[in-house]
Amino acid sequence: MKLSNIQQALNAPKKNRNDFGKYNFRSLEEILAAVKPLCGEGAIILTDEVVSVGNRLFVKAIARFRSSDDDVSTTAYAELPLKMGGMHEPQITGAASSYARKYAISGLLAIDNETDLDSLRQRDERANVVKSQAKDERRAHEYDSGEIKARIEAINSSEELKNFWAKDTTPLMKEEFRDLIGRHGNDIKKRERNEEIIESLIAAEAVALTKGDDEAEEVALIYSELDQVEQAEVWTSIPERIQNLILTFMGGEK
């Protein structure tokens, strides 16, 4: 008996349905039940063992067909996880063994393996492309991305940006511009903080002009209490007269 004759005659339909993954499949038992009557004097032998590859464990399964005409084998692997939700160690090993044996015999008999991860991945990728195209079409009808981007970048205050997010954006706009609004909002907050610092320095200087050196020292104190990043960011925006005042009370070093 030749293996090629068995491959041509084999009929192992996919009788089972996985509703979660939305695919049909055949079990190892169903494959064996379909192929045994075709083997004649030949035999199919399934064996497996646990092997280590690097620091990971796998079940290595071998499916072998032996007859007076052929002696052919195929090999398949299934990783053996250390833990699997709701299963004890023997169940985990048994599941990996069945998985590896099914893939090995599928290769031996040249039948497709409907749970192949590449096939499922391609199906999911096609679905994602369709969803993405539909979303792009909705965006095109709902708003102009370039106009919205320009509008966001023209906003100059945290309050205005907050109102725009709460009142003027749709769910699709929020999805597309969330990151841009977050970055722009951080830039606005930083600028507003720097403006507050400069205003406080100018106000302290105004008091110092009327009350003398003791109050002038307060200007330098406000600056010195800033962290190094804030000091570096505001220094070039501080009027030169206030820079000199700060340097006077900080010993010539900012």
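Here, each number is a calculation from the coordinates, and none is a lab measurement. The model shown is predicted, which means the values in this text are computed figures rather than measured ones. Every residue, glycine as well, gets a Cβ built from its backbone with ideal geometry; the counts of neighbours run over all protein chains shown.
Checking each residue in segment 49-89 for being surrounded by 17 or more Cβ atoms within 10 Å (Cβ to Cβ) and among the β-branched types (Val, Ile, Thr) picks out Val59, Ile62, Thr74. For segment 48-77, the candidate set comprises residues that are of a type in the set (Lys, Arg) and more than 15 Å from Gly94 (Cα to Cα); within that set, the residue that is nearest to the chain's Cα centre (by Cα) is Arg56.
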